[in-house]
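What follows is a short report on a single structure.
The values are calculated or read from the model by the stated rules, or taken from the named source; none is laboratory data. What you see is a predicted model; the values in this text were computed from it and never measured. Virtual Cβ from ideal backbone geometry, glycine too; neighbours counted across all protein chains shown.
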Amino acid sequence: MDFRLAEVWTVAGILLGFQATSFAQRIRYEQTLPAAGEPITRILVSDYLNLLSMAVLAVGAFALPTLGFLAPGQALHPLVIAVLLFVGHLFAMAGHYELYNASTKHDASTDCPLQERIAVGVVAGAVVAYCLLIVF
């Protein structure tokens, strides 16, 4: 499938807007925790997937093609990786709140519960698999 750079940039720009909004909402939520008596605020491991996705979009889909380091036809690859990371971030966040097992009670003192680690591992595996698919 042949994509023009302008089409990739349009999709990447929309995705970047969703990601920025999602991250801003997380920051607002974390700011309410001290008032609610929670011990500390922190950036979740799942949020790092979102931040990494935004960095991949900014560098891989916008900067590298603009500077001539990436051919316009190859700008789709960073977009796909960013989508995998962003969608994976949502599953990892559900894992952080331990929503995949109804009998598990969320422990707010745990920085990275097992369910979140598993989800992050699956996302990392999907990204590595896609990268290997590109190479081979």
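Assorted remarks:
- Qualifying residue in the range 42-60 (condition: more than 25 Å from Arg28 (Cβ to Cβ) and either part of a helix (DSSP H, G or I) or at pLDDT 95 or above (or both)): yes
- Looking only at residues of the range 119-136 that are at pLDDT below 95 and β-branched (Val, Ile, Thr), we find that the one that is surrounded by the most Cβ atoms within 10 Å (Cβ to Cβ) is Ile134.
- Qualifying residue in the range 87-107 (condition: under 21 Å from Phe3 (Cβ atoms) and under 20 Å from the mean Cα position of the chain (by Cα)): yes
- Looking only at residues of the range 98-118 that are of a type in the set (Ser, Thr, Tyr) and exposed (fewer than 13 other Cβ atoms within 10 Å of the Cβ), we find that the one that is modelled with the lowest pLDDT is Ser109.
- The residues in the range 63-97 that are at pLDDT below 95, small (Gly, Ala, Ser), in contact with a helix residue (DSSP H, G or I) (Cβ under 7 Å, 6 or more places away or on another chain) and closer than 16 Å to Thr10 by Cα can be counted, and the count is 1.
- Residue match in the range 86-94 (condition: buried (at least 16 other Cβ atoms within 10 Å of the Cβ), out of contact with any Ser or Thr (no Cβ under 7 Å at 6 or more places or on another chain) and in a helix (DSSP H, G or I)): yes
- Listed by first and then second residue, the pairs with beta-carbon distance under 8 Å, at least 6 apart or on different chains, first residue in the range 56-71 and under 21 Å from His89 (Cβ atoms) and free of Cβ contacts under 8 Å to residues at least 60 places away in the same chain, second small (Gly, Ala, Ser) and not in a loop (DSSP other than H, G, I, E, B), are Val56/Ala82; Leu57/Ala12; Leu57/Ala82; Gly60/Ala82; Ala61/Ala12; Ala61/Ala82; Phe62/Ala12.
- When Ala92, Ala75 are checked against the criterion of being in contact (Cβ under 8 Å) with a residue 40 or more places away in the chain and in contact with a Pro (Cβ under 9 Å, 6 or more places away or on another chain), a single residue qualifies: Ala75.
- Whenever a residue of the range 104-123 is over 11 Å from Ser46 (Cα atoms), its partners that are aromatic (Phe, Trp, Tyr) and modelled with pLDDT of 95 or more, lying with C-beta atoms within less than 9 angstrom and at least six residues away or across chains, give the pairs Val122/Phe91.
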